[in-house]
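Each remark here refers to the structure printed beneath this line.
The values are calculated or read from the model by the stated rules, or taken from the named source; none is laboratory data. All values derive from a computational prediction rather than experimental measurement. Cβ coordinates were reconstructed from backbone atoms using ideal geometry, including for glycine residues, and neighbour counts include every protein chain displayed. Surface accessibility is based on the protein's heavy atoms, side chains included, excluding ligands, DNA and RNA. Shrake-Rupley method; radii C 1.70, N 1.55, O 1.52, S 1.80 Å.
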Amino acid sequence: MSHPGTLILIMAVAVLAPLLAYLTARRLAVPVAIFEIALGIVVGPDVLGWAHHDEIIDTLSHLGLSMLIFLAGYEIEFRTVRGDTLRRSVTAWVVTLAVALGAAFALTGGEVAKSFVIGTALTSTALGAVLPMLRDSGRLEGRFGTVVMAFGTVGEFGPIIAISLLLSGRSPGISTVLLCVFAAITAGAVFWALRPRPPWFSHIIAKTLHSSGQFAVRLVMLLLAAMLGLSYAFGLDTLLGAFAAGLLTRLVLAGADPEHSGEVLGRIEAMGFGFLVPFFFIVTGIDFDLDALFSGGRPLLLLPVFLLLFLLLRGGPAYLLAPRDLSRPQRTSLALYSATCLPLVVAISTIGLDENVLTAGEAAALVGAAMVSVLLFPLLAARLLKDGARRTERADATRETW
């Protein structure tokens, strides 16, 4: 199928996926991304063979991943993600990285390049996928939502830094210098974003918000393009620029026009979740090498191994280092949400394939395990939180009776 036909097919899948999620919601709350990936596999070359993408589809998919990371960066509230909670989340991720690299070395028989790819993939958290689930269920607000955001932020940002340092193809020293220069420029941009905006700035945002001008939306797209271009110019992963752009956008909009910032974000989310992000997940399904996963025994055996490692190496430290004021069900749910991963695993696996470090089967096993984590772990976490809330209500009712 030519790329215009594939484009139409992808958009048809993007429309069908939320319908399927809605129909199954009464029995099982399956994330829309799972239907998008699964349908992508079905229409892809390994099943029906209808969808074959080219540079245009690839570009839209890359933009979708960048938008997903951008929106994850935008969600972060520095006023809440700080202090002891932030220290615990950073410590948990550092422990995960150290243990994951060791486990990857053991799993690969000491292959350094492959160990860096697999070890880095094992440290990620799909904050961009977890936060919409928490928001839709009403659990993003409050103490538990703040803790999940802190652990998820580090689980999203840490692997991006690790990609830039370990998987860039340059020496770690040069990568560190470039990363520091990028950080300094970003810090300058943050300082600019924190400065009070002149009155005309908020006025033009409000004036053009319901017109064809759309000044605020265009400004957000400029920030995203500028940070993507800056990270590319420094030879860093563009996801780092997307994440930084999300942080900057929140600061700019909150400082300039907090009254309309939510409406501006709604329009950006409509562009992202309505068009670009589904492209990323559907193309992930189209690219998924089903034959490589099922041919031979090793890739298929690696899938549950990777899934277990996600849970133990990423979720385990999160559980152990969770703030003490969380209940046991909340700590377990935090571990499950922290171990939920997909977007960065896809990106890291793609790097491994492009550099001929991973085999097609190993990449399929990593991505397959990440897909299962998105389907399974949030469902278990939600169930634990519900059961914990019911037990708390019963205990409160019993105390009131006595």
- prompt: Just a yes or no: is a residue in the range 272-279 open to solvent by 50 Å² or more (accessible area, probe 1.4 Å) and touching an Asp or Glu at 6+ places or on another chain (Cβ under 8 Å)?
  reply: no
query: List pairs: first in the range 66-91 and at pLDDT below 85, second among the acidic types (Asp, Glu), Cβ under 7 Å, 6+ apart or cross-chain?
result: Ala72/Glu156
- line: Taking first residues from the range 196-222 that are part of a helix (DSSP H, G or I) and second residues anywhere that are surrounded by 12 or more Cβ atoms within 10 Å (Cβ to Cβ) and modelled with pLDDT under 80, the pairs with Cβ under 6 Å that are 6 or more apart or on different chains are Phe201/Ala256; Ser202/Ala256; Ser202/Asp257; Ile205/Asp257; Ile205/His260; Ala206/His260
- prompt: Which one of the conditions (1) over 21 Å from the mean Cα position of the chain (by Cα); (2) modelled with pLDDT of 85 or more; (3) open to solvent by less than 60 Å² (accessible area, probe 1.4 Å); (4) closer than 30 Å to Ser349 by Cα does Leu223 fail to meet, given that it meets all the rest?
  reply: (1)
- prompt: What residue, of Val374, Val367, is at pLDDT 90 or above, among the β-branched types (Val, Ile, Thr) and crowded, with 24+ Cβ neighbours inside 10 Å?
  reply: Val367
- prompt: For the range 290-374, list the helices (runs of 4 or more DSSP H) that sit wholly inside it and hold at least 2 residues that are farther than 30 Å from Leu236 by Cβ; which are they?
  reply: 290-294, 298-309, 316-320, 328-338
task: Answer yes or no: is there a residue in the range 101-118 that is without any contact (Cβ under 8 Å) to a residue 60 or more places away in the chain, open to solvent by less than 50 Å² (accessible area, probe 1.4 Å), part of a helix (DSSP H, G or I) and within 30 Å of Ala25 (Cα to Cα).
output: no
- line: Exception for Trp192 within (1) at pLDDT 80 or above; (2) farther than 23 Å from Pro343 by Cα; (3) assigned to a helix (DSSP H, G or I) falls at (1)
Meets criteria (farther than 30 Å from Leu222 by Cα and either at pLDDT below 90 or buried (at least 21 other Cβ atoms within 10 Å of the Cβ) (or both)) for Ser338: yes
message: When the residues of the range 341-360 are narrowed to those that are open to solvent by 10 Å² or more (accessible area, probe 1.4 Å) and among the small types (Gly, Ala, Ser), which ends up farthest from Gly297 (Cα to Cα)?
response: Ala347
- prompt: List the pairs whose first member sits in the range 232-258 and is closer than 14 Å to Ala347 by Cβ, whose second member is surrounded by fewer than 19 Cβ atoms within 10 Å (Cβ to Cβ) and at pLDDT 80 or above, and whose Cβ atoms are under 6 Å apart, counting only residues at least 6 apart or on separate chains?
  reply: Thr238/Tyr232
message: On the basis of being open to solvent by 50 Å² or more (accessible area, probe 1.4 Å), part of a helix (DSSP H, G or I) and closer than 23 Å to Val277 by Cα, does Ala245 make the cut?
response: no
- prompt: Can we say Gly169 is at pLDDT 80 or above and not aromatic (Phe, Trp, Tyr)?
  reply: no
statement: Being among the charged types (D, E, K, R), touching a helix residue (DSSP H, G or I) at 6+ places or on another chain (Cβ under 9 Å), farther than 25 Å from Leu68 by Cβ and open to solvent by 30 Å² or more (accessible area, probe 1.4 Å) narrows Arg250, Arg267, Arg328 down to just Arg328
- request: Would you mind stating whether Gly40 is modelled with pLDDT under 90, part of a helix (DSSP H, G or I) and either touching a Lys or Arg at 6+ places or on another chain (Cβ under 6 Å) or surrounded by 12 or more Cβ atoms within 10 Å (Cβ to Cβ) (or both)?
  value: no
- request: Would you point out which residue out of Gly5, Gly73 is closer than 30 Å to Leu166 by Cβ and assigned to a helix (DSSP H, G or I)?
  value: Gly73
message: Looking only at the range 38-75, count every residue that is polar (S, T, N, Q) and within 22 Å of Pro18 (Cα to Cα) and tell me the total.
response: 2
statement: Within the range 195-220, of all residues that are under 13 Å from Leu251 (Cα atoms) and either of a type in the set (D, E, K, R) or at pLDDT below 85 (or both), the one surrounded by the most Cβ atoms within 10 Å (Cβ to Cβ) is Arg197
query: Is it the case that Thr146 is open to solvent by 10 Å² or more (accessible area, probe 1.4 Å) and without any contact (Cβ under 8 Å) to a residue 12 or more places away in the chain?
result: no
- request: Tell me, please, whether a residue that is open to solvent by 40 Å² or more (accessible area, probe 1.4 Å) and over 22 Å from Gly152 (Cβ atoms) can be found in the range 63-74.
  value: yes
